[in-house]
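**Q** Sharing a structure, written as structure tokens. Questions coming.
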Amino acid sequence: MADRFRLVLVGAGAMGRGLLQDAFAVPEIRPVGVCEPLEANCQAVADQWPDLSLFETWDQAVESIGPPEIAVIATPNFNHAELALQAVASGVRAIFLEKPMAVHLADARWIVEACESAGVLLVVNHQRRLLPELIKMREVIASGVLGSIELIRSCGAGDFLSDGTHAVDSVRHLLGDVQAEWVFGQVFRAPNPESVVGEDGVWTGPGCRYGHPVEEAALAVAGFPDGVRAEFHWGSLFPAGRWYQDYEVIGSRGRLHRFPDGREGPRLEIDLGGGWEPLPFDETPGPSALARLARSLETGENHPMNGRVGLADMELVTAVYESAARRVRVEMPPSAGRFPLLDLLS
Ligand SMILES: NC(=O)c1ccc[n+]([C@@H]2O[C@H](COP(=O)([O-])OP(=O)(O)OC[C@H]3O[C@@H](n4cnc5c(N)ncnc54)[C@H](O)[C@@H]3O)[C@@H](O)[C@H]2O)c1
């Protein structure tokens, strides 16, 4: 085998360490280093992978071991853009960036443009679209057995920027990666005087997550081509029993349902007029997102989670907040560059 792609992880929290585990399973990838300032997370890495070099910052890693081919960025959302641009400047060939791409849409656009002009492959980790049940759902929809699709309803806990983005990506994936034409949204966030923003613009305290403020609930409708609608019931609005990433597709001849994460039993059910029935499918997972990244680097093959796909998701997510902030139906793409929830803080 030709020399493997060297990979450096930036941010060794739970997500970063999970990605490192995935990376070690890809024969074409050789993880060589981790950048992490937190002692406890460095220790967790050292306990599991004692041969990996540990650094406090990306610059120290590059200075010591040279730029790797692949940078994996799994830090809190607030510094994704800064770190991605640093990685591009260092000469990496690919960036595997955690979702959401950034807090501000302008930063997400900046990342995509910087990667494109430097010829860097950008992959955004909306890994749910690779789940066998999501692939099966897309096939069922495309087969026409449900008739024409009228509505996809998704529900889930968390905040819309970090968790709703998965549903946005899944809905767009199910509809064949089309973009919404317009978005109408509302969000609720009680005033929270204990949220604090530092001079560096990083938010901490109650009502904040990953370095930025979050809302308690979001509700949105997106209008797609051909009259297809998507609804998002997020945060404290998720209905009982539909706690995380529950998707229901309603067509003119039938319905298809993905049960939420963590539920025992069948993952999918279908109703073609005679009531709900389990829908079996091949549950064997395909290549991981990182394995596909290695393949894209080797062959130039398109990655299903490429930067433009991630940017389209980020635009739809931002439009929900912009609609709430401006009290209008947002015609896509949104005009906000800055995270519109910031305009709603009192
Ligand atoms: N794709 C998914 O399903 C999924 C699931 C959970 C989280 N995430 C995303 O992954 C990212 C990380 O989430 P997490 O829950 O692991 O967060 P976390 O806060 O637990 O871990 C982030 C780590 O990054 C480190 N860090 C911060 N700034 C750094 C810097 N400049 N250089 C190096 N390290 C730095 C922190 O010290 C911390 O250890 C977030 O963007 C989150 O939205 C994605």
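The values are calculated or read from the model by the stated rules, or taken from the named source; none is laboratory data. Remember, it's a predicted structure, so these values are computed and weren't measured experimentally. Backbone-built Cβ (ideal geometry, glycine too); neighbour counts: all protein chains shown.
**Q** Of everything in segment 59-78, what is buried (at least 20 other Cβ atoms within 10 Å of the Cβ), near the ligand (Cβ under 8 Å from one of its atoms) and farther than 20 Å from Phe24 by Cα? Give them in sequence order.
**A** Matches in segment 59-78: Asn77 only.
**Q** Condition first: buried (at least 17 other Cβ atoms within 10 Å of the Cβ), touching an Asp or Glu at 6+ places or on another chain (Cβ under 8 Å) and charged (D, E, K, R). Can you find one or more residues in segment 98-113 that meet it?
**A** Taking every residue of segment 98-113 in turn, at least one turns out to be buried (at least 17 other Cβ atoms within 10 Å of the Cβ), touching an Asp or Glu at 6+ places or on another chain (Cβ under 8 Å) and charged (D, E, K, R).
**Q** Are there any pairs with C-beta distances below 6 angstrom linking a residue in segment 211-223 that is farther than 8 Å from Gly235 by Cβ to a residue that is among the acidic types (Asp, Glu), with the two at least 6 apart or on different chains, and if so which?
**A** From segment 211-223, the pairs are Val214/Asp159; Val221/Glu231; Gly223/Glu181.
**Q** Just checking, does segment 34-57 include any residue being within 13 Å of the ligand (Cβ to nearest atom) and within 22 Å of Glu298 (Cβ to Cβ)?
**A** no
**Q** I'd like to check something: does segment 4-12 contain any residue that is in contact with a Gly (Cβ under 9 Å, 6 or more places away or on another chain), modelled with pLDDT of 95 or more and within 19 Å of Tyr210 (Cβ to Cβ)?
**A** yes
**Q** Okay, moving on. Would you confirm, using the coordinates I've provided, whether Phe281 is assigned to a loop (DSSP other than H, G, I, E, B) and crowded, with 17+ Cβ neighbours inside 10 Å?
**A** Numbers: assigned to a loop (DSSP other than H, G, I, E, B): yes; crowded, with 17+ Cβ neighbours inside 10 Å: no.
When the stated conditions are applied, Phe281 does not pass them.
**Q** If Arg138 satisfies all but one of (1) in contact with a His (Cβ under 8 Å, 6 or more places away or on another chain); (2) buried (at least 20 other Cβ atoms within 10 Å of the Cβ), what's the number of the condition it fails?
**A** (2) is the only condition that Arg138 fails.
**Q** Could you count how many residues in segment 245-288 are under 16 Å from Ile135 (Cα atoms) and out of contact with any strand residue (DSSP E or B) (no Cβ under 9 Å at 6 or more places or on another chain)?
**A** The qualifying residues number 7.
**Q** Give just the number: which of (1) assigned to a helix (DSSP H, G or I); (2) farther than 26 Å from Leu256 by Cβ; (3) in contact with a helix residue (DSSP H, G or I) (Cβ under 7 Å, 6 or more places away or on another chain); (4) not β-branched (Val, Ile, Thr) does Ala106 not satisfy?
**A** Of everything listed in (1) assigned to a helix (DSSP H, G or I); (2) farther than 26 Å from Leu256 by Cβ; (3) in contact with a helix residue (DSSP H, G or I) (Cβ under 7 Å, 6 or more places away or on another chain); (4) not β-branched (Val, Ile, Thr), Ala106 misses just condition (3).
**Q** Here is a further query. Among the strands (runs of 3 or more DSSP E) confined wholly to segment 132-223, which include 1 or more residues that are among the charged types (D, E, K, R) and farther than 24 Å from Ser288 by Cβ?
**A** Passing ranges, in order: 149-156.
**Q** Then there is this: If I go through segment 1-21 residue by residue, how many of them are more than 11 Å from the ligand (Cβ to nearest atom), touching a residue at least 60 places away in the same chain (Cβ under 8 Å) and under 21 Å from the mean Cα position of the chain (by Cα)?
**A** Number satisfying all stated conditions: 1.
**Q** Would you be able to tell me the number of residues in segment 303-333 that are buried (at least 22 other Cβ atoms within 10 Å of the Cβ) and closer than 16 Å to Val187 by Cα?
**A** Residues meeting the conditions: 10.
**Q** Of (1) under 21 Å from the mean Cα position of the chain (by Cα); (2) assigned by TED's automatic domain parsing to the domain that holds Asp169, Arg295 satisfies all except one. Which?
**A** With (1) under 21 Å from the mean Cα position of the chain (by Cα); (2) assigned by TED's automatic domain parsing to the domain that holds Asp169 applied to Arg295, the lone miss is (2).
**Q** Something else: Of the numbered conditions (1) charged (D, E, K, R); (2) more than 11 Å from the ligand (Cβ to nearest atom); (3) outside the structural domain of Arg338 (by TED's automatic domain parsing), Lys99 satisfies every one except a single condition; which is it?
**A** (2)
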